[in-house]
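Novice: Attaching a single structure in structure tokens format; questions to follow.
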Amino acid sequence: MSSYAIGRAKRIVGELRVPGDKSLSHRAALCAALSEGISRLRNFSPSLDTERTLACLRALGVPIEIAEADDGLAVTVHGVGLEGFTPPERVLDAGNSGSTIRMLAGVLAGQPFESTITGDASLRRRPMDRIVHPLRLMGASVRAREERYAPLTIRGGALRPIRYRLPVASAQVKSCVLLAGLFASGTTIVEEPVPTRDHTEIMLAEFGAEVSVAEGSISVTGRPRLRAREYRIAGDVSSAAFFIAGALALPGSHLLVRDVLLNPTRTGFLDVLRQWGARIAIENVRRWHGEPVGDVRVVSSQEARRRAEPLVLSGALIPRVIDELPVLAVLATQMPGGMIVREAAELRVKESDRIRATVENLRRMGAHVVEYADGFAVAGPQPLRGAEIEPEGDHRLAMAFAIAGLLAEGETVIRDPEVAAVSFPTFFHLLEQIVER
């Protein structure tokens with residue numbers, strides 16, 4: 001197992017673009033495959049997760065070409081329509097990607113053949129009953145290990161539409177049901193108790209599906225003919241979050257991140273930073289394919305350190321910051337009042353138990369942290385000291401604690417830094433470009 005050593009930084013200065021958004025890339029590949037014609041996807045995410053989605057689609061008979069381009073990875077997808085998929089010759093492997101297995105399961109539920117999809121050891125521990133139940137309601141045959149875990153063996157065909165209320169706030173589960181709804185005769189409706197990222201409904205409409213969005217519910221009409229598209233993918237705001245947090249924490253920093261996805265279901269991180277008094281400017285706002293895009297400028301300032309009480313994150317805000325909570329916990333150690341996170345039990349069933357792992361690694365760095373069943377409390381401000389960090393195979397933990405290493409006295413060692421490639425293969429390279437020591 002390799003490691004990455006990082007020391008205290010003076011500041012972060014520079015301008016950069018982050019790779020294409022991972023959530024958009026998964027969905028664009030799926031919608032392109034379901035379309036008729038040739039789609040060209042620009043600035044596609046180079047992550048290992050999205051590689052798994054492309055590999056699974058190829059195994060289902062979808063021709064795909066990948067090339068390097070000036071504006072990022074270019075992916076060409078020869079769509080096969082709703083009925084052009086072919087039975088895979090072997091078990092589909094989603095790797096570490098919850099998005100791949102959960103969303104592709106919705107497509108597999110509409111196929112008149114049997115297929116099995118699984119993942120790595122981490123993914124096989126993550127709950128899949130939340131998609132097994134609605135897919136069975138729609139008429140698909142789905143077998144799961146212990147009725148809850150991958151591998152999933154799915155045989156589908158003509159599905160029936162359902163009205164389904166999500167038991168947990170999950171964009172992946174919502175997307176699974178909506179994608180399965182494409183194969184149903186009639187209108188499938190998903191009700192969500194708390195708004196989650198809405199990329200699937202926006203993208204389905206962009207590719208020609210009949211989608212209706214009302215407060216608290218999304219409906220899709222089955223059996224559409226989706227149309228191939230040229231689609232440019234905005235920069236991943238969850239990837240940009242690590243650099244933005246580092247710039248805010250280090251005095252004298254100034255950072256500009258260009259062409260970032262600014263969908264309001266994904267910008268809760270920026271809203272939290274503003275509550276801390278952060279100087280964040282959104283510039284050059286425009287829309288790409290129904291999604292807002294802009295440049296994010298952050299300047300470190302003492303105003304971001306004047307809050308006295310803990311910042312409390314809970315309720316409807318949690319789905320909007322779910323991927324950024326580990327790096328927010330790191331940042332909270334530098335902020336007066338610190339931070340309290342509640343109603344975030346979903347963190348325990350991510351790539352790792354992110355509540356426990358975040359708490360344990362912060363304690364290794366000498367931080368005072370309290371763990372709850374559904375979150376944690378981080379005191380602040382408090383000094384951090386260099387330590388050996390165990391990300392437990394979780395890409396977001398590896399990157400969050402690399403930022404912690406910039407703030408700590410002494411050397412911080414990140415074990416198994418390669419896990420960052422799950423979402424952000426160039427993370428450490430870009431970090432070195434903007435850090436001044």
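All of the numbers you see were taken from the coordinates with simple rules; none came from a lab. Everything numeric in this text was worked out from a predicted model, so none of it was measured. Glycine also receives a Cβ, built like all others from the backbone with ideal geometry; neighbour counts cover every protein chain displayed.
Novice: 5 Å is the cut-off here: which amide hydrogens, built 1.01 Å from N in the peptide plane, fall below it relative to residue 389, excluding neighbours closer than 5 in sequence?
Specialist: 413, 414, 415
Novice: While we're on this one: Given springs between every Cα pair under 10 Å in a Gaussian network model of the chain, which of 141, 23, 175 has the largest fluctuation?
Specialist: Taking springs between Cα atoms under 10 Å, the residue moving most is 141.
Novice: Quote to one decimal, in nm, the extra length available between residue 113 and residue 360 on full extension: 0.36 nm per residue of separation minus the C-alpha distance between them.
Specialist: 84.4 nm is the gain from fully extending residue 113 to residue 360.
Novice: Further question on the same structure: What translational D, rounded to a whole number of µm²/s, comes out for the chain from Stokes-Einstein when the hydrodynamic radius is the Kirkwood one over Cα pairs, at 4 °C and 1.567 mPa s? Each step should come with its number before you reach the end.
Specialist: Numbers: Rh = 21.9 Å.
Using the Kirkwood radius from Cα pairs, D works out to 59 µm²/s.
Novice: Quick one: 3J(HN,Hα) in Hz for segment 419-425, Karplus 6.51/-1.76/1.60 with θ = phi - 60°, rounded, Gly and Pro as x.
Specialist: 5, 4, 5, 3, 10, 8, x
Novice: Let me ask something additional. Just to be sure I understand the model, the point goes 7 Å from the Cα along the line to the Cβ. What's the resulting residue 74 to residue 133 distance in nm?
Specialist: It works out to 4.6 nm between the two label points.
Novice: Something else about it: With a 10 Å radius around each residue's Cβ, average the other Cβ atoms per peptide and rank 103-109, 309-315, 410-416, highest first. Provide the component values of the computation, followed by the final result.
Specialist: Details: 103-109: 28.7, 309-315: 15.3, 410-416: 18.3.
Per-residue Cβ counts within 10 Å, averaged per peptide and sorted highest first, yield 103-109, 410-416, 309-315.
Novice: Could you work out which residue, out of 185, 45, 99, moves most in a Gaussian network model of the chain, that is, has the largest mean-square fluctuation with Cα springs under 10 Å?
Specialist: In the Gaussian network model the winner is 185.
Novice: Give me the extension gain from residue 314 to residue 279: residue separation times 0.36 nm, minus the current Cα-Cα distance, reported in nm with one decimal.
Specialist: 10.3 nm
Novice: Dipole magnitude of segment 288-437 about its Cα centre, charges +1 at Lys/Arg Cβ and -1 at Asp/Glu Cβ only, in debye to the nearest 20?
Specialist: Values: 16 positive and 23 negative charges, 100 e Å.
About 480 debye.
Novice: What does the charge add up to near residue 252, with Lys and Arg as +1, Asp and Glu as -1, over the other residues with Cβ less than 11 Å from its Cβ?
Specialist: +1
Novice: For segment 282-287, take each phi angle, set θ = phi - 60°, evaluate the Karplus expression 6.51 cos²θ - 1.76 cosθ + 1.60, and give the result in whole Hz per residue in order, putting x for glycine and proline.
Specialist: Computed from phi, the couplings for segment 282-287 are 9, 10, 6, 6, 8, 10 Hz.
Novice: Can you find, among 355, 19, 383, the residue sitting farthest towards the positive end of the charge dipole of the chain, where Lys and Arg contribute +1 and Asp and Glu -1 at Cβ?
Specialist: Positive-end residue among those listed: 355.
Novice: Using a basic spin-label model with each label point 7 Å from the Cα along Cα→Cβ, how many nm lie between residue 210 and residue 13?
Specialist: 5.8
Novice: A further question on this structure: Scaled to the compact-protein estimate 2.2 N^0.38 Å, what is the alpha-carbon radius of gyration of segment 359-437, rounded to two decimal places? Intermediate results must be reported in sequence, preceding the final value.
Specialist: On the way: Rg = 13.0 Å, N = 79, 2.2 N^0.38 = 11.6 Å.
In units of the 2.2 N^0.38 Å rule of thumb, it is 1.12.
Novice: Mind telling me which of 334, 111, 275 comes out most flexible in a GNM of the chain, alpha-carbon contacts under 10 Å?
Specialist: So, out of 334, 111, 275, the one fluctuating most is 275.
Novice: Can you give the extra length, in nm with one decimal, that the chain gains between residue 160 and residue 148 once fully stretched, where that is 0.36 nm per residue apart less the Cα-Cα distance?
Specialist: On the way: separation 12, 0.36 × 12 = 4.32 nm, distance 2.26 nm.
Net length gain for the segment: 2.1 nm.
Novice: Calculate the FRET efficiency for residue 65 and residue 287 from the Cβ-Cβ distance with a Förster distance of 41 Å, rounded to the nearest 0.05.
Specialist: The calculated FRET efficiency here is 0.90.
Novice: Could you tally the net charge around residue 160, taking each other residue with its Cβ under 14 Å from the Cβ of residue 160, Lys/Arg +1 and Asp/Glu -1? Don't skip to the answer; put the middle values down first.
Specialist: On the way: positive: 136, 163, 223; negative: none.
Local charge sum for residue 160: +3.
Novice: Per residue, what volume in Å³ does the Cα convex hull of segment 246-374 take up?
Specialist: Here the figure is 113 Å³ per residue.
Novice: May I ask you to evaluate 6.51 cos²θ - 1.76 cosθ + 1.60, the Karplus curve with θ = phi - 60°, for each residue of segment 87-97 and list the ³J(HN,Hα) values in order in whole Hz, giving x for glycine and proline?
Specialist: Those phi angles translate into x, x, 7, 8, 5, 6, 10, 8, x, 9, 9 Hz.
Novice: Can you give the direction-averaged projected area of the convex hull of the alpha-carbon atoms in segment 22-232, in nm²?
Specialist: Working: hull surface 40.3 nm².
With the hull built on Cα positions only, its mean projection is 10.1 nm².
Novice: While we're on this one: Could you calculate the FRET efficiency of residue 437 with residue 2 from 1/(1 + (r/R0)^6), where r is the beta carbon distance between them and R0 is 22 Å, rounded to 0.05?
Specialist: My answer for the efficiency is 0.50.
Novice: Test of understanding: express the Cα radius of gyration of segment 305-422 as a ratio to 2.2 N^0.38 Å, with N the residue count.
Specialist: Segment 305-422 yields a ratio of 0.97.
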